[in-house]
1. Report, in deg cm²/dmol and to the nearest 500, the calculated mean residue ellipticity at 222 nm for the chain, where each DSSP H run with n ≥ 4 adds -39500 (n - 2.57) and the sum is divided by the residue count.
2. In square nanometres, what is the average projected area of the Cα convex hull of the stretch 167-289?
3. First compute the accessible area of the stretch 25-134 with a 1.4 Å probe, then give the percent of it belonging to carbon and sulfur atoms.
4. Can you tell me the 0 to 90 degree angle between the C-alpha axis of helix 140-151 and the longest principal axis of the chain, rounded to 10?
5. Mind listing the long-range amide H neighbours of ILE31? Cut-off is under 5 Å, sequence gap 5 or more, other chains count too, H placed in the peptide plane at 1.01 Å from N.
6. Would you mind calculating the gained length between LYS105 and ASP197 on full extension (0.36 nm times residue separation, minus the Cα-Cα distance), in nm to one decimal?
7. Per 10 Å bin, what percent of the C-alpha pairs of the chain does each bin hold, from zero upward?
8. Which of ARG34, ARG102, ARG75 moves the most in a Gaussian network model of the chain with Cα springs under 10 Å?
Amino acid sequence: MKVRKAVIPVAGLGTRFLPASKAIPKEMLTIVDRPTIQYIVEEVVASGIEQIILITSAGKSAIENHFDYDFQLDRVLTEKKKDNLAEEMNRLSNLIDVVSVRQKKPLGLGHAILTARNVIGNEPFVVLLGDDLVLSEQPCTKQMLNLFDQVGESIVAVQRVPKDQTYQYGIVEGTQQSKQVYKVDRMVEKPAPGTTDSDMAIIGRYILQPDIFDLLEKTAPGHGGEIQLTDALLALAKKRGMYAFEFEGTRFDAGDKLGYLKAIIAFGLRHPDICDDFSEHIKEVAAQL
Ligand code: G1P
């Protein structure tokens with residue numbers, strides 16, 4: 001079945017980025033010339049998905065506005081003969097169909113995904129977490145969709161992390177099937193040090209069978225007292241099987257101060273308007289260290 005829809009949860013408070021995220025959603029923080037959420041949406045579009053479902057909360061309307069058509073801005077840019085900019089703004093508002101659903105209580109990532117149930121219906125869908133930006137030749141989501149065409153079951157994106165960082169992630173234990181693919185045997189959300197030998201961390205990209213919704217409904221609060229997606233994923237893996245996929249590309253945790261700065265450097269060095277001058281500047285800075 002073709003995967004047509006992507007869920008992007010953006011309801012979180014973004015406490016790791018206070019005070020920057022106090023009055024604006026953390027998803028609207030800029031990397032070079034666009035907010036982090038736009039990189040996620042462009043990955044979805046480049047992967048051939050047709051609709052995005054944003055899971056929002058109070059104070060997040062700037063994200064909806066960003067992908068909306070702004071009649072006044074269009075008129076001003078056109079009057080000022082800034083045709084290229086007007087065109088770019090129109091491209092942005094026409095990127096993809098965007099629907100938003102409110103998560104009424106902050107009960108966790110699993111609960112946020114469950115909020116999308118009625119809009120998704122009974123078909124497989126993608127989930128992308130806004131903190132995880134992936135720089136790759138082929139979009140990470142597209143790589144996963146290609147695998148989904150072969151295996152037809154749910155997939156989580158994984159990446160190896162240092163053993164002393166596994167407590168920050170959902171961790172997968174699996175049996176290797178091929179170079180980049182593992183069959184999921186066990187998963188645990190933010191394991192206490194020493195409780196798993198695996199270093200395969202879940203990165204915020206998932207393709208899920210809609211069976212996940214029934215399982216999420218039955219999922220009791222887990223780590224941190226929240227309804228964890230990872231707990232329902234384990235139930236789904238047991239019910240119909242699941243794959244972990246070591247994607248190709250570099251992942252940035254844009255929800256973390258250092259990860260965010262690294263993303264700015266990586267995307268800045270690839271931005272056609274500034275890459276040459278920026279690269280010169282980085283060399284000068286490095287030489288002074
Ligand atoms: C979430 C997931 C976790 C995953 C991580 C990836 O955690 O619950 O399983 O490894 O995203 O970024 P969070 O970072 O929101 O606490």
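The values are calculated or read from the model by the stated rules, or taken from the named source; none is laboratory data. What you are looking at is a predicted structure, and each value in this text was computed from that prediction instead of being measured. Note that we place each Cβ from the backbone using ideal geometry, even for glycine, and neighbour counts take in every protein chain shown. Surface areas here come from the heavy atoms of the whole protein model, side chains and all, with no ligands, DNA or RNA. Shrake-Rupley method; radii C 1.70, N 1.55, O 1.52, S 1.80 Å.
1. Calculated from helices alone, the mean residue ellipticity at 222 nm is -10000 deg cm²/dmol.
2. 11.0 nm²
3. 49 percent
4. Helix 140-151 sits roughly 40 degrees off the main axis of the chain.
5. Under 5 Å from the amide H of ILE31: THR36.
6. 29.7 nm
7. 6, 26, 36, 22, 8, 2, 0
8. ARG75
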